[in-house]
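Written out below as structure tokens is the structure these notes cover.
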Number of protein chains: 2
Amino acid sequence: MSQKRVIYLPLGGAGEIGMNCYVYGYGPAGKERLIVVDLGVTFPNMETSPGVNLILPDIAWLEERADQIEAIFITHAHEDHVGALPHCWPRLGAKVYTRAFTGNIARRKMADNGLPEDVVETVSAWPQQVEAGPFRVGFVPISHSIPESSALVIDTPEGRIVHSGDFKLDATPVVGEPFDEEMWAEIGKSGVMALACDSTNVMSRSPGRSEITVGPEIEALVAGAKGMVVATTFASNVARVKTLADAGERAGRSICLLGRAMRRMVEASIETGVLTKFPKVISPEDARQIPRENLMILATGSQGERRAASAQLSRGKYNGILMKEGDTFLFSSKTIPGNEREVLRIVNQFSEMGVDVVDESSGGHYHVSGHANRPDLERLHEIVNPRSVIPMHGEHRHLREHSRLAMAKGYRSALAVNGTMLQIGPDMLDVAEYVETGRTYLDGTVQIGAMDGVVRDRIRMALNGHVAVSVLIDEENEPLGEPWCELMGLPEIGRSKAPLLDVLEEDLSQFLGRASPATLSDDDKLEDELRRITRSTAQDEIGRKPEVTVIVSRLS
Amino acid sequence: MSQKRVIYLPLGGAGEIGMNCYVYGYGPAGKERLIVVDLGVTFPNMETSPGVNLILPDIAWLEERADQIEAIFITHAHEDHVGALPHCWPRLGAKVYTRAFTGNIARRKMADNGLPEDVVETVSAWPQQVEAGPFRVGFVPISHSIPESSALVIDTPEGRIVHSGDFKLDATPVVGEPFDEEMWAEIGKSGVMALACDSTNVMSRSPGRSEITVGPEIEALVAGAKGMVVATTFASNVARVKTLADAGERAGRSICLLGRAMRRMVEASIETGVLTKFPKVISPEDARQIPRENLMILATGSQGERRAASAQLSRGKYNGILMKEGDTFLFSSKTIPGNEREVLRIVNQFSEMGVDVVDESSGGHYHVSGHANRPDLERLHEIVNPRSVIPMHGEHRHLREHSRLAMAKGYRSALAVNGTMLQIGPDMLDVAEYVETGRTYLDGTVQIGAMDGVVRDRIRMALNGHVAVSVLIDEENEPLGEPWCELMGLPEIGRSKAPLLDVLEEDLSQFLGRASPATLSDDDKLEDELRRITRSTAQDEIGRKPEVTVIVSRLS
């Protein structure tokens, strides 16, 4: 048996939906030549990551091995696959390969961050393959909810691996290539060691629906609408954006794009030839001049994002456009779990404006998923016919279910969450090592570790409020003047009906009056005591122990 | 026309799902005698109300009119209807009327808060009526997801009002009285001025299903399970708890209740005679001794609450009980929008333990709603046949839809959100006034206004971090020593690769060195400048402007 090995290592995306980052390697253990597939982000939330801008995979393992990296491949331009590129690339520095549309978006991201665009190289679709050290990698077109999404065929000296990327099986995807079963069978025919496969929709038991099926219902809705129609979807879902725009045009409406991402994606699609026919678009300025029944707006913000166009429209005028009674707002989208509250806030704000909101609950089909449902996953397994199925792109429950499904059909499978390095062979799929992984926060302009304690302290202040305590100690180690407190995020008045501030300062003052010289001369001891008293007095007064910052200033 | 009037005023629950509080009044304008229907809470979340314990309706309007209040009526024992009672009662001080089960829960709440239990008086069901000033109020049994939920018949000198409370139409509710159409028709026959009606499920177009329909599927699931079975539902859904326990017993399993609320609700149900037959229950200690395939556990925490039994079990041993591979966990519940993230966290943790999770997505029916769907709402409208329908208990979108539905069928209707006072008459339904309303936070042990800024400051610290800055100024208005900073919730190292703390102190020190006597002698000016520099340096270093507390200590 050769000492060289083929490895698979997810650093993000396996055990979660988001921040995808997968590594493949070939070579002697520890000296493998590596390729990276995708560098994506996850979005922070107030509960677990307040104040954080973006969540990136922890790429420390890769950074230590930067000289072993042959190339980075990006399967498609969704944020959870390409969003971390500009933040991680400077630490890795390898060539980046993508198809044209993905490259267009990736280069914009590099430029936005002052990074070189020319490291992103555009590759043609399969059967072309890129040589990357011991690997030959090809981009195989497959449908998803963004143009030019691709699976990767990764040929290694030990055999072929197929990395599905995010995908669905769609014979009529509106934009892009229909699913080509023959080509896929051909790819599988020469023998596939392993299929690393999207698991997102493994719980959905019915076959997925084609993108084309939403067209007629959207068209009927727009044709029947009276006032202005505003529709939202992910801007990157260019096929949907086109379906919506076409429906508007057919109903005699002018099309206006609201939100930067919406304009950017349509622009990128036209630049790269993904989109050839798209209705003429008017500016928001011109839209204001048009009777509302002749207007159709496509807006960003289907997940309720506060600053996106949809949320802004729900709060009032945006770009001079104001929705009102009799207008229609369409969610051509699904709410991602965790975003319900934000989306419902918008729905209720529109309700207050008298705008009719149409969504999945309204009884029509205005959205289809971009991921393969269970029967479609089974179909891809059969067509590719790999020796092993490695579930990826899913929470633990998805990976587990996908793994069970594969094993029930006789495939080898392993449940490998982030950090689980697998060794792949024609007749093996074993855990090789466990690698430390985690999350990196882009916090302001700084990258910090999720476990550094910075965000934990912010959460504590949000839950407990904050007291700053300042005391002066003179050269003789005697308190000088009274202790001083400043409160933030705490009720003013507590149990004793006196201001909390006064009660705290009084208790601290009494303590200083009776404190021993040993305490007064020891900064640590003094701080601990002042903190303890502040917390205990606050607990007594307001039923809450605040975070406390103590500043002892000495005149010595 | 009499100068006296009948009024309806929602202070909570109209325009939201939660913190229900409705006021009815009769008398000369401004001098009405009042009754309060329900005093409920809403639950805080990290996004909008971090650190808050409970959200209560702002009852300032009622408190100012405490001497006009004849009585408080509680329709049922859900937290969003009775949870605010112990927190608001001391400010209102009126007699509280409930049915037996609700009273049992309400009295426990009063006792837990050191308040008199005997102000809660138990009333028999309709046709008994309580006299409360000009009102005669009766509790009419109607099904919901808790025992003894009641609609109220409120007879006023001008006519009858029906307040539906939370309800569904259920001919086979498992626990409690089946829907009695004849009795309801009788109530409507003498003429009803207005029906104030639950709107929660107005968007659900199919008729609701009966509680009894979940029994067979739950029974089949439990009968077929191999290892331990743990099921969760709202503890107050006593019918469901019974269905689950019965299913366990029939499968030869011993029943164990985990979580305080679960034991409390079963206890209250037995004490009040609501529940007559319930399987024998064993303690967690005894449960540990029983082979897992002979055990069925009913656990609190169907919404993923971190401290409830379900979440604890998903994290490891709880009360000595540890779930493992081959066990089954059943969600006999629906995830309330906004709780998805917490619930999915549990599901994934169980997945990691090898526990099979069964929920609505698994293809079976293990839950039915406690609220009337649209066709059932229409049926109640028809049976009660009021002149006006006042939608309540719903977000704006629900109230609006319910109002449209009623008007389409020829009823008078008004969309009255919290603070909208309606005047009700046999032939009128008009807005009388707008009253200022809002939310009160129970924050630790203190009640504060939602708009007081306290929680806003906590959110700011969570988003921006905090810096405490301390400077000493001597008797000559000269800085004494160096400025001192303490950081909380901020990255340690920024752009210049030096500690942020050092960069801040250096910049502040330079400022103090060049500050004019006018600035140094003016506390406000000095503080503003120190804050400005701190924020601008931080922005430069870490791309974030922190919250800043400045403490200037003067030796003078």
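Condition test on B:Y97, is it buried (at least 24 other Cβ atoms within 10 Å of the Cβ), among the hydroxyl-bearing types (S, T, Y), in the same structural domain as B:G159 (by TED's automatic domain parsing) and touching a strand residue (DSSP E or B) at 6+ places or on another chain (Cβ under 6 Å)?
When the stated conditions are applied, B:Y97 does not pass them.
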| request: From (1) among the polar types (S, T, N, Q); (2) within 13 Å of another protein chain (Cβ to nearest Cβ); (3) free of Cβ contacts under 8 Å to residues at least 40 places away in the same chain, pick out the condition that doesn't hold for B:T549. | output: (3)
| task | Look at B:G215 and say whether it is open to solvent by less than 40 Å² (accessible area, probe 1.4 Å), in contact (Cβ under 8 Å) with a residue 12 or more places away in the chain and at positive phi. | result | no
| said: I want to confirm something. Restricting to the range B:529-546 and keeping residues that are in a helix (DSSP H, G or I) and in contact with a Ser or Thr (Cβ under 7 Å, 6 or more places away or on another chain), which single residue is farthest from the other protein chains (Cβ to nearest Cβ)? | reply: B:E529
| said: I want to confirm something. Restricting to the range A:436-452 and keeping residues that are surrounded by fewer than 22 Cβ atoms within 10 Å (Cβ to Cβ) and either in a helix (DSSP H, G or I) or acidic (D, E) (or both), which single residue is farthest from the other protein chains (Cβ to nearest Cβ)? | reply: A:E436
| Taking the stated definitions as given, is A:S413 modelled with pLDDT of 95 or more, of a type in the set (S, T, Y) and more than 26 Å from the chain's Cα centre (by Cα)? | yes
| Enumeration of residues in the range B:262-300 that are out of contact with any helix residue (DSSP H, G or I) (no Cβ under 9 Å at 6 or more places or on another chain) and hydrophobic (A, V, I, L, M, F, W, C) | B:I270, B:I282, B:A287, B:I290
| request: Go over the candidates A:L115, A:L85 one by one and state the one that is open to solvent by 20 Å² or more (accessible area, probe 1.4 Å) and not small (G, A, S). | output: A:L115
| query | Taking the range B:486-515 on its own, how many of its residues are of a type in the set (K, R) and without any contact (Cβ under 8 Å) to a residue 12 or more places away in the chain? | reply | 2
| Considering only residues of the range A:413-435 that are without any contact (Cβ under 8 Å) to a residue 24 or more places away in the chain and open to solvent by 50 Å² or more (accessible area, probe 1.4 Å), which is farthest from B:H466 (Cα to Cα)? | A:D430
| note | Over the range B:360-387, the set of residues under 22 Å from B:G12 (Cα atoms) and touching a helix residue (DSSP H, G or I) at 6+ places or on another chain (Cβ under 8 Å) is B:A372, B:L377
| task | Kindly indicate whether B:R532 is closer than 30 Å to B:P50 by Cα, basic (K, R) and buried (at least 16 other Cβ atoms within 10 Å of the Cβ). | result | no
| task | Kindly check whether there is at least one residue in the range B:20-30 that is open to solvent by 20 Å² or more (accessible area, probe 1.4 Å), hydrophobic (A, V, I, L, M, F, W, C) and either in a strand (DSSP E or B) or in contact with a Lys or Arg (Cβ under 7 Å, 6 or more places away or on another chain) (or both). | result | yes
| task | For B:P483, indicate whether it is farther than 25 Å from A:Q447 by Cα, buried (at least 19 other Cβ atoms within 10 Å of the Cβ), free of Cβ contacts under 8 Å to residues at least 60 places away in the same chain and in contact with a helix residue (DSSP H, G or I) (Cβ under 9 Å, 6 or more places away or on another chain). | result | yes
| request: Select from the range B:453-474 the residues that are more than 8 Å from every other protein chain (Cβ to nearest Cβ), more than 22 Å from B:L490 (Cα to Cα) and touching a strand residue (DSSP E or B) at 6+ places or on another chain (Cβ under 8 Å) and write down the one among them that is least open to solvent (accessible area, probe 1.4 Å). | output: B:I473
| said: Anything in the range B:488-505 that is assigned to a helix (DSSP H, G or I) and exposed (fewer than 14 other Cβ atoms within 10 Å of the Cβ)? List them, or say none. | reply: B:D502
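Name the residue, out of B:T48, B:T102, B:T75, that is open to solvent by 30 Å² or more (accessible area, probe 1.4 Å), at negative phi and β-branched (V, I, T).
Numbers: B:T102 fails: open to solvent by 30 Å² or more (accessible area, probe 1.4 Å); B:T75 fails: open to solvent by 30 Å² or more (accessible area, probe 1.4 Å).
Of B:T48, B:T102, B:T75, the one residue that is open to solvent by 30 Å² or more (accessible area, probe 1.4 Å), at negative phi and β-branched (V, I, T) is B:T48.
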| query | Does the range A:509-528 include one or more residues that are surrounded by 15 or more Cβ atoms within 10 Å (Cβ to Cβ), acidic (D, E) and within 8 Å of chain B (Cβ to nearest Cβ)? | reply | no
| message | Yes or no: the range A:398-412 includes at least one residue that is among the basic types (K, R), out of contact with any Gly (no Cβ under 7 Å at 6 or more places or on another chain), touching a residue at least 24 places away in the same chain (Cβ under 8 Å) and part of a loop (DSSP other than H, G, I, E, B). | response | yes
| note | Quick count over the range B:239-255, residues being among the hydrophobic types (A, V, I, L, M, F, W, C) and touching a residue at least 60 places away in the same chain (Cβ under 8 Å), is 2
| request: Assess whether B:T272 counts as being modelled with pLDDT of 95 or more and within 25 Å of the chain's Cα centre (by Cα). | output: yes
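Yes/no matrix, rows are residues, columns are (1) within 21 Å of A:S388 (Cα to Cα); (2) part of a loop (DSSP other than H, G, I, E, B); (3) outside the structural domain of A:E382 (by TED's automatic domain parsing):
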{"residue": "A:I161", "(1), (2), (3)": "yes, no, no"}
{"residue": "A:D166", "(1), (2), (3)": "yes, yes, no"}
{"residue": "A:T172", "(1), (2), (3)": "no, yes, no"}
{"residue": "A:V175", "(1), (2), (3)": "no, yes, no"}
{"residue": "A:F179", "(1), (2), (3)": "no, yes, no"}
{"residue": "A:M183", "(1), (2), (3)": "yes, no, no"}
{"residue": "A:G188", "(1), (2), (3)": "yes, no, no"}
{"residue": "A:M193", "(1), (2), (3)": "yes, no, no"}
{"residue": "A:A196", "(1), (2), (3)": "yes, no, no"}
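The values are calculated or read from the model by the stated rules, or taken from the named source; none is laboratory data. This is a predicted model, so every value here is computed, not measured. Quick reminder, even Gly has a Cβ in these numbers, built from the backbone with ideal geometry, and neighbours come from all protein chains shown. Each accessible area value is taken on the protein alone, full model and side chains, heavy atoms only, with ligands, DNA and RNA left out. Shrake-Rupley method; radii C 1.70, N 1.55, O 1.52, S 1.80 Å.
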